[in-house]
1. By how many nm would the segment from residue 50 to residue 194 lengthen if fully extended, with 0.36 nm per residue of separation less the alpha-carbon distance?
2. Can you sort 118, 1 from fewest to most other Cβ atoms within 10 Å of each residue's own Cβ?
3. Rounded to the nearest 500 deg cm²/dmol, what is the calculated helix-only ellipticity per residue at 222 nm for the chain, with -39500 (n - 2.57) per DSSP H run of length n ≥ 4?
4. Of the listed values [x] 17.9; [y] 18.6; [z] 17.3, identify the label whose number matches Kirkwood radius over Cα pairs in Å calculated from this model.
5. Run the numbers for residue 10 and residue 174: contour at 0.36 nm per residue of separation, minus the present Cα-Cα distance, in nm.
6. Take the Cβ-Cβ distance between residue 119 and residue 21 as r, set R0 to 35 Å, and report the resulting FRET efficiency rounded to the nearest 0.05.
7. Which FRET efficiency, nearest 0.05, do residue 222 and residue 162 yield, Cβ-Cβ r, R0 25 Å?
8. For the chain, find the longest principal axis of its Cα atoms and tell me its angle to the long axis of helix 222-236, 0 to 90°, nearest 10.
């Protein structure tokens, strides 16, 4: 069975449906990019996958040994989050809270996990720095290390390169691709169609057209061809 199986899912707010009858699966090791027009329901889908919001209808099934608390999440940053007054180490360690249960302290193993996550993201030297004093790229690395403390199975990333300069954007994409090569399943919302078709193994397109399948199939689909054409037109404008 797949890590995630979405069956006939309908999403929206206050009974107003944004996306209807959505079906897709996520297998271990996949790199799924979720693309689509603004307001098409991408962030709503992410919140629903995390069980932060109830669907209007349909099912989300978890399988293949995955547990609900084994899904790491890197949300879009708000201005308030960027100004959070805590150290890098404290923020990364907070990703272990789901492992603590009722225990009011972090174990030796959890502290080691946080250390390894910071090393993996190249931010060990920043561990004592205040999070709000970091650059945007450094902050994203901290949040990615935090998500890795929650799981090494599935990461949900909501626009992880938003607001970053091109050089840092490329570095973030390479970090994420490296995690995927190591076996971490990636589900990423992205407005960057070029990155989606470069890095993803599968594409989920939601909006006026709905498509789910391999990257290659998407590039040859009507939804893919139209969206890529519109994206290129937007770049020229």
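Each value in this text was obtained by applying a stated rule to the coordinates, not by laboratory testing. Treat the numbers as computed from the prediction; the structure is a model and nothing was measured. We place every Cβ from the backbone using ideal geometry, glycine too, and count neighbours over all the protein chains shown.
1. Values: separation 144, 0.36 × 144 = 51.84 nm, distance 2.62 nm.
Taking residue 50 through residue 194 to full extension adds about 49.2 nm, to one decimal.
2. On the way: 118 24, 1 12.
Ranked by crowding around the Cβ, least crowded first: 1, 118.
3. Working: 10 runs with 93 residues, N = 237.
One gets -11000 deg cm²/dmol as the mean residue ellipticity at 222 nm.
4. Evaluating Kirkwood radius over Cα pairs in Å on these atoms matches [y].
5. 55.7 nm
6. Values: r = 44 Å, r/R0 = 1.25.
Taking R0 as 35 Å, the efficiency between residue 119 and residue 21 is 0.20.
7. Details: r = 28 Å, r/R0 = 1.12.
That pair, residue 222 with residue 162, gives E of 0.35.
8. Long axis of 222-236 versus the principal axis of the chain: about 70 degrees.
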